[in-house]
Amino acid sequence: AVVSTQSGHYGRGITAISKFNIGESNIGDVLTLAVSIALERNSITRELCSRLIADMYGRIIPPALMEQAFRVLLKQIPDLVLDNPNAPDDVGKFLARAIADDCLPPAFLKRLAADDLDKKSQVAVVTASSLLTMKFGMSKISNIWGAEGLESPTKYYSNKMWFILKEYIKCNEMDEVQIALRELCIPHFHHEFVYESIVIAMEQRSSEFANFAQLIIDLLQFLGKASIITPSQFENGFRRVGDDLNELSIDIPGARRLFNDFCDMCLTQAFMSMETFEKIFPNRGRKRFVSEGDGGKVKTTI
């Protein structure tokens, strides 16, 4: 089942793994088996293994047991290194990727300091820590195995932008975002960055939305003034969010209201002019995104 998944047959592999009655005591063995197979193969297989770990999170491996599974893996490094001399560094990369994919909390590395780990296992922890503390490390870790060919360019760049945004939210360094976007060399696709920026703000808790929205608006204004993102790319990004509200509402409660609030903030801060707004959303006016699902409420014009 693990081999099937790492060959690219996700549906088949995950379904097969889920059929096994894997007890808590065997959770770590499943992870160790998957990684040990990947270590014997190429970078594409290792990338597939990282995706497998993310896919098993919450489905095969309960969130509460993911740390236990990685502890088992780390303790197996002295054995893994017999056939794979680079196992300590590579396991460290798997560990960093799992944290970047939100399968493990960053604090897990600190908790490992209290464990009685072999020296080779400690190398893996140091490697993971070094990767995660790099400037925009999350963005680089998303392609830690250098296997871009596994997905379409669109999906690849979307993932890179998502990690750039995640890092920005953590460190609030706009200059680093500017550098990261320049390095991608895809100005024609910056509407995706605008789209992801707005959506990531909408995904926050209601109590945190205003702060996150302001963080995003500040970033977008900065990138606009720096001529990194052009007006047409801004317009396309906003338009796409408006067009996708029905779909976004499935996963984001109150998506219409949140987008309405986000646009209001852009208008009142002169980030977006009313002329631009009406160009992007013709015939919607200030009542643009209110639907029956919002209770028929119309936000007061500021």
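The values are calculated or read from the model by the stated rules, or taken from the named source; none is laboratory data. Owing to the predicted nature of the structure, the values given are computational and were not obtained by experimental measurement. Here the Cβ positions follow ideal geometry from the backbone for every residue, glycine too, while neighbour counts run over all protein chains shown. Accessible surface areas use protein heavy atoms only, side chains included; no ligands, DNA or RNA. Shrake-Rupley method; radii C 1.70, N 1.55, O 1.52, S 1.80 Å.
With no solvent and one point per C-alpha, what does the Debye sum give as log10 I(q)/I(0) for the stretch 35-176 at q = 0.14, 0.15 Å⁻¹?
Treating every Cα as an identical point scatterer, log10 I(q)/I(0) equals -0.65, -0.75.
Could I have the simple spin-label model distance between Lys170 and Lys155, label points 7 Å from Cα toward Cβ, reported in nm to one decimal?
2.4
Got a number for carbon plus sulfur as a percent of the stretch 20-126's accessible area, 1.4 Å probe?
For the stretch 20-126, the apolar C and S fraction of the accessible surface comes to 50 percent.
Could you work out how far apart the two model spin labels at Asp102 and Arg240 are, taking each label as a point 7 Å from the Cα in the direction of the beta carbon, and quote it in nm?
1.9
Within the stretch 83-178, count lysine pairs with alpha carbon atoms under 13 angstrom apart where the residues are 8 or more positions apart or belong to different chains.
Lysine pairs meeting the criterion: 5.
Tell me, what does the Kirkwood hydrodynamic radius of the stretch 141-272 come to in angstroms if you use every pair of distinct C-alpha atoms?
Final number for the Kirkwood radius of the stretch 141-272 is 15.2 Å.
Say R0 is 35 Å: what FRET efficiency, to the nearest 0.05, do Ala113 and Asp29 get from their beta-carbon distance?
FRET efficiency, Ala113 to Asp29: 0.90.
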